Amino acid sequence: MPNTTNKQYKIAIIGLGYVGLPLSVAFAEKYKVVGYDINLQRIAELKEFNDRTLEISAEQLDHVLVSDENYLANNGATGLYTTTNAADLWECNFFIVTVPTPTDKHNRPVLTPLIKASETVGKFLKQGDIVVYESTVYPGVTEEECVPVLEKVSGLKFNQDFFAGYSPERINPGDKEHTVTKILKVTSGSTPEIAIEIDDVYKSVITAGTHKASSIKVAEAAKVIENSQRDINIAFVNELAKIFNLMGIDTHDVLEAAGTKWNFLKFKPGLVGGHCIGVDPYYLAQKALALGYHPEIILAGRRLNDEMGKYVATEVIKLMLKKDIMVKNANLLVMGFTFKEDCPDVRNTKVIDIVKEMQSYDVNVTIYDPLANPLEVFHEYGVISQNTIPTMRYDAVILAVSHKEFLSMDLENLLNPTAVFYDVKGCITGNFVDLRL
């Protein structure tokens with residue numbers, strides 16, 4: 001059994017996004033940590049104690065960040081040094097890869113960021129080093145895709161010269177209660193001894209504890225089914241919402257009544273986007289298809305959830321017609337553009353599906369989101385968003401994201417006398433609400 005008490009770890013975190021930065025800050029309380037990212041602007045912002053993801057406060061960054069001068073002087077036994085210079089990884093011996101794993105326009109897994117990160121790590125691997133992956137993948141990626149890259153670049157032998165592990169990220173963006181150290185962590189390693197060592201390292205900072213999986217593939221599979229299960233359950237209630245809407249029944253009232261049973265799973269209908277739930281099922285489906293199995297339930301859930309933006313837009317158009325509102329050139333306000341509430345992340349947001357569908361009817365769409373970066377929105381989706389709400393009244397308003405700021409607003413003042421108000425999140429009460437998803 002390895003003795004992690006006496007071993008001096010210098011930890012490298014590859015990728016300082018929603019996953020990597022909180023993890024870096026947690027480890028920096030007890031270890032020397034090098035946080036590496038290829039995004040020059042991201043590193044510059046962090047050095048100014050600014051986290052654009054809003055996951056880590058300026059005070060937290062000020063507490064752990066090590067200046068360039070102190071890092072070069074090798075001052076301090078703990079702390080986080082952020083850098084875009086890969087050469088700073090040379091002294092590290094415990095590497096954690098937290099880069100994104102997106103899908104392409106055909107919903108096929110894109111492993112390019114993971115492969116490039118592996119190439120970077122491989123250049124600095126030494127005898128006895130450990131590489132742990134946290135990026136969401138299908139079972140087998142760590143050992144079958146990433147490890148061969150590490151071996152090729154480093155010239156070292158897997159499980160002889162260096163070792164690997166997998167510990168799936170469980171970051172919940174925007175959640176200030178379930179932060180990284182307060183969520184139980186699954187760990188795994190490429191040998192029984194390394195699995196214990198990796199588990200001990202994580203256990204030293206994860207106050208919620210750890211669960212050591214029996215293998216790397218088991219840990220990979222556990223991660224990918226967590227979000228696939230949630231995706232399928234949301235797809236079920238989305239389908240119920242469509243059915244109950246045809247019946248003139250309030251879906252949320254139905255769910256509240258059903259939720260009184262002790263074992264009823266309390267999922268709500270809604271748009272399913274983001275970099276996890278809207279993506280992870282495709283990773284599992286792709287692997288299943290490669291093995292000759294067609295995953296019917298997983299893909300059916302994805303298909304239904306992917307259609308919800310268009311469904312919302314169609315329902316709004318119907319409501320406008322029933323109220324004799326001229327659809328062409330009507331003014332519509334879409335409130336919220338990020339993929340979830342109280343989070344600035346716009347990756348894979350399904351609100352864009354509502355916007356595009358409404359624009360196809362020649363509706364004038366205004367997007368208001370106080371958290372989304374307008375430049376990022378335009379770059380990713382080609383639409384204009386704004387951080388301040390215009391002082392005018394609209395023919396229709398769609399509340400797409402339930403930011404806390406929206407819940408305290410006088411929303412009725414945004415509406416023309418006969419306007420349509422559609423509450424996607426089911427979080428608004430008031431006679432002016434025409435329909436909830």
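Remarks
- For the range 1-116: rounded, prolate or oblate by the Cα gyration tensor [a/c cutoff 1.5]: oblate
- Subtracting the Cα-Cα distance of L72 and I115 from their residue separation scaled by 0.36 nm leaves 12.5 nm.
- Compactness ratio for the range 187-249: Cα radius of gyration over 2.2 N^0.38 Å (N = residue count) comes to 1.80.
- The modelled label-to-label distance for the pair N107/Q127, using points 7 Å beyond Cα in the direction of Cβ, is 5.0 nm.
- As a fraction of the 1.4 Å probe accessible area of the chain, surface on carbon and sulfur atoms comes out at 53 percent.
- Over the chain, DSSP H runs of length four or greater, each weighted -39,500 (n - 2.57), average out per residue to a 222 nm ellipticity of -11000 deg cm²/dmol.
- Using the Cβ-Cβ distance between N39 and H294 with R0 set to 51 Å, the FRET efficiency from 1/(1 + (r/R0)^6) comes to roughly 0.85.
- Straight-distance crosslink candidates among lysines, where the alpha carbon sits under 22 Å from K126 and sequence neighbours closer than 8 are dropped: K7, K10, K32, K116, K152, K157
- 13 Å beta-carbon shell around P148, net charge (K/R +1, D/E -1): -3
- Within the range 249-312, the chymotrypsin sites (Phe, Trp or Tyr not before Pro) that combine a DSSP coil assignment with at most 15 other C-beta atoms in a 10 angstrom radius are W262, F264, Y293.
- For the chain, modelled as a GNM whose springs connect Cα atoms under 10 angstrom apart, the maximal fluctuation among S24, S57, S408 occurs at S408.
- Loop sites in the range 127-218: GluC sites (Glu not before Pro), DSSP, at most 11 other Cβ within 10 Å: E177
- When each full DSSP H helix of the chain is screened for a Cα extent of at least 27 Å along its own axis and an average Kyte-Doolittle hydropathy of at least 1.6, none passes.
- Put simply, the convex hull of the Cα atoms in the range 288-370 casts, on average, a shadow of 7.3 nm².
- Loop sites by DSSP among the trypsin sites (Lys or Arg not before Pro) of the chain, restricted to those with at most 16 other Cβ atoms within 10 angstrom, leave 177-260 as the longest stretch without any of them.
- The range 224-335: C-alpha gyration tensor shape, a/c 1.5 cut-off, then a/b vs b/c: oblate
- Mean accessible surface per residue for the chain, computed with a 1.4 Å probe while every protein chain stays in place, in Å²: 46 Å²
- Relative contact order, percent, the range 73-199 [alpha-carbon distance under 8 Å, six or more residues apart]: 20 percent
- Cα-based shape type of the chain, given that a ≥ b ≥ c are square roots of the gyration tensor eigenvalues and the cut on a/c is 1.5: prolate
- Dipole magnitude for the range 310-437: computed about the Cα centre from +1 point charges on Lys and Arg Cβ and -1 point charges on Asp and Glu Cβ, it is near 300 debye.
- Separation in nanometres of the label points that stand 7 Å from Cα toward Cβ, at K176 and S57: 0.7 nm
- Paramagnetic label reach from T314 (point 7 Å along Cα→Cβ; backbone nitrogen cut-off under 19 Å): within the range 235-268, residues 235-249, 251.
- DSSP bridge pairs, the chain: antiparallel proportion in percent, nearest 5: 5 percent
- Under a 5 Å amide H cut-off, with hydrogens placed 1.01 Å from N, F421 pairs with V397, D434, L435 among residues at least 5 apart or on other chains.
- Fraction of alpha-carbon pairs over 22 Å apart in the range 63-139 - percent: 38 percent
- Sorting the Cα pairs of the range 137-206 by distance into bins of 10 Å, from 0 upward, gives 18, 40, 31, 10, 1 percent per bin.
- Difference of contour (0.36 nm per residue) and Cα-Cα distance, L246 to E380: 44.8 nm
- GNM result for the chain, Cα springs below 10 Å: residue of E307, E226, E256 fluctuating most strongly: E256
- You can think of it this way: the chain between K322 and T84 has 80.0 nm of extra reach, that is 0.36 nm per residue less the Cα-Cα gap.
- Most mobile of A58, A313, A28 in a GNM of the chain (Cα contacts under 10 Å): A58
- Placing a label point 7 Å from the Cα of I183 along the Cα-to-Cβ line, no residue of the range 365-387 has its backbone N under 17 Å from it.
- Cα-based convex hull volume of the range 357-437 per residue, rounded to whole Å³: 107 Å³
- The amide H of K212, built 1.01 Å from its N in the peptide plane, has T187 as neighbours under 5 Å, considering only residues 5 or more places off or on other chains.
The values are calculated or read from the model by the stated rules, or taken from the named source; none is laboratory data. Everything quoted here is computed from the prediction, not taken from an experiment. Methodologically, a virtual Cβ is constructed for each residue, glycine included, from the backbone with ideal geometry; neighbour enumeration extends over all protein chains shown. For accessibility, only protein heavy atoms count, side chains too; no ligands or nucleic acids. Shrake-Rupley method; radii C 1.70, N 1.55, O 1.52, S 1.80 Å.
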